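To start, the structure itself, in structure tokens.
The values are calculated or read from the model by the stated rules, or taken from the named source; none is laboratory data. All values derive from a computational prediction rather than experimental measurement. Cβ placement follows ideal geometry from the backbone for every residue including glycine, while neighbour counts extend to all protein chains displayed.
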Amino acid sequence: MPDDAPRDDFDWVNAQAACTAEMMFPRLLAGVRRDVERRNALTDRADQFRFEVTEDGDRFEVIRTIGTPLDTTDVHAAVTFERIGPRINVQGDHVDIDFTAVVGINPSGACRFFVAEAEYAEWEVRKLALEQLLFEEIEE
């Protein structure tokens with residue numbers, strides 16, 4: 001049996017009960033805030049893009065603006081994360097992002113995100129949602 005496989009008496013009922021979108025959504029928000037801070041701290045970038053996170057209950061948004069930190073001029077694109085019951089919907093505005101994640105325990109007993117049939121760790125969902133916004137050029 002692999003080292004990461006749960007024992008035969010694994011308490012999957014309590015593990016699943018603790019693995020909810022309601023519990024994972026704040027963790028996702030905290031990770032996104034760290035990602036945005038790290039991206040804004042990159043000083044070797046020649047662009048004038050800045051990023052910020054706005055929060056409103058079960059919804060938060062990462063916006064990409066053009067300008068300097070003191071003179072942010074225009075919202076260029078955004079990615080919105082919204083928790084609706086057991087689902088987390090992620091959609092882009094001027095960014096080609098649109099997916100729904102649900103949470104559940106995997107065969108190893110770890111709480112993970114699932115998009116379609118694929119399993120993702122928390123950082124992978126953030127990358128899937130934000131990579132284009134944070135790093136790729138957006139066409140006008």
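Of note:
- Cross-chain or 6+ apart pairs with Cβ under 6 Å, region 115-135 first and within 13 Å of Gly92 (Cα to Cα), then modelled with pLDDT under 95 and not hydrophobic (A, V, I, L, M, F, W, C): Leu133/Arg64; Leu134/Arg39
- So Ile97, is it aliphatic (A, V, I, L, M) and without any contact (Cβ under 8 Å) to a residue 40 or more places away in the chain: yes
- Consider region 42-57 and keep the residues that are loosely packed, with under 10 Cβ neighbours inside 10 Å and not charged (D, E, K, R). The one that is modelled with the highest pLDDT is Gly57.
- Looking only at region 91-125, residues that are at pLDDT 95 or above, surrounded by 14 or more Cβ atoms within 10 Å (Cβ to Cβ) and part of a loop (DSSP other than H, G, I, E, B) come to 1 in all.
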